[in-house]
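Report on one structure; see the data block that follows.
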Ligand SMILES: C[S@@+](CC[C@H](N)C(=O)[O-])C[C@H]1O[C@@H](n2cnc3c(N)ncnc32)[C@H](O)[C@@H]1O
């Protein structure tokens, strides 16, 4: 089955003229995606009295991390006192300050491996998920796989986040979209669905940002 992709000429042209690609090269980020997290962080600061998504000393679980733009931002923000655990199916270049786990986050053994990185409490302050399936171009299949990844991130956040914790999950339109947003509204003090300017218009991705995990969680 051949994947339907934008023509490589169009992609190259877009890449050449993309200010975020140029900024990432200039500022040493591994991907233009770093700017999506920076923009989401700005938006959180504006509504959270200057506290961002990742703050000094935070324990951060990052899902779907390769090549590592978000990981760089998380390490910068969490500092030496923090802990950043980054997981991806793909291998990642080592990054000082981050623990890298390679594997499929849909497998329980990998979830356990990530949780074990947070010590005996197994708890984290922040869960970030930029996981995305390899797009096939078949809408229902892509929506289904995207929904599964978002649900896995959600479930993990419910298990490991400390009260007051923060969550960012990449979401695609599909049958699960509104259900996940509703669940998030019951879990967090504040929930917003955002499309940061660095996210390309033609991408169907949006990000659900939840801040202030409630102490007691609703029962499913
Ligand atoms: C958009 S990229 C992440 C870019 C990253 N945030 C950055 O700043 O460089 C999405 C990533 O999700 C990963 N991914 C997809 N399914 C996954 C799974 N089941 N387990 C772990 N990672 C997964 C892909 O391998 C891919 O690297």
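No lab work stands behind these numbers, since they all come straight from the coordinates. Quick caveat, the model's predicted, so the values are computed rather than measured. Glycine gets a Cβ as well: all are built from the backbone with ideal geometry, and neighbour counts include every protein chain shown.
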Requested in this report: Go over the candidates 21, 84 one by one and state the one that is touching a helix residue (DSSP H, G or I) at 6+ places or on another chain (Cβ under 9 Å), away from the ligand (no atom under 12 Å from the Cβ) and not in a strand (DSSP E or B).
Outcome: 21
Query raised in the report: Looking at segment 54-70, which of the residues that are surrounded by 21 or more Cβ atoms within 10 Å (Cβ to Cβ) and more than 22 Å from residue 154 (Cβ to Cβ) is nearest to the ligand (Cβ to nearest atom)?
Result: 69
**Report entry** Hits in segment 128-163 (condition: without any contact (Cβ under 8 Å) to a residue 24 or more places away in the chain and either touching a helix residue (DSSP H, G or I) at 6+ places or on another chain (Cβ under 9 Å) or under 12 Å from residue 175 (Cα atoms) (or both))
**Finding:** 133, 139, 140, 141, 145, 155
Query raised in the report: residue 73: touching a helix residue (DSSP H, G or I) at 6+ places or on another chain (Cβ under 9 Å), within 16 Å of the ligand (Cβ to nearest atom), without any contact (Cβ under 8 Å) to a residue 60 or more places away in the chain and not in a loop (DSSP other than H, G, I, E, B), yes or no?
Result: yes
**Report entry** Lone unmet requirement of (1) within 12 Å of the ligand (Cβ to nearest atom); (2) exposed (fewer than 12 other Cβ atoms within 10 Å of the Cβ); (3) outside any loop (DSSP other than H, G, I, E, B) for residue 93
**Finding:** (3)
Report summary line: The correct count of residues that are within 11 Å of the ligand (Cβ to nearest atom), within 26 Å of residue 35 (Cα to Cα) and part of a loop (DSSP other than H, G, I, E, B) in segment 103-150 is 9
Report summary line: The number of residues in segment 24-53 that are assigned to a helix (DSSP H, G or I) and either without any contact (Cβ under 8 Å) to a residue 24 or more places away in the chain or within 16 Å of the ligand (Cβ to nearest atom) (or both) is 15
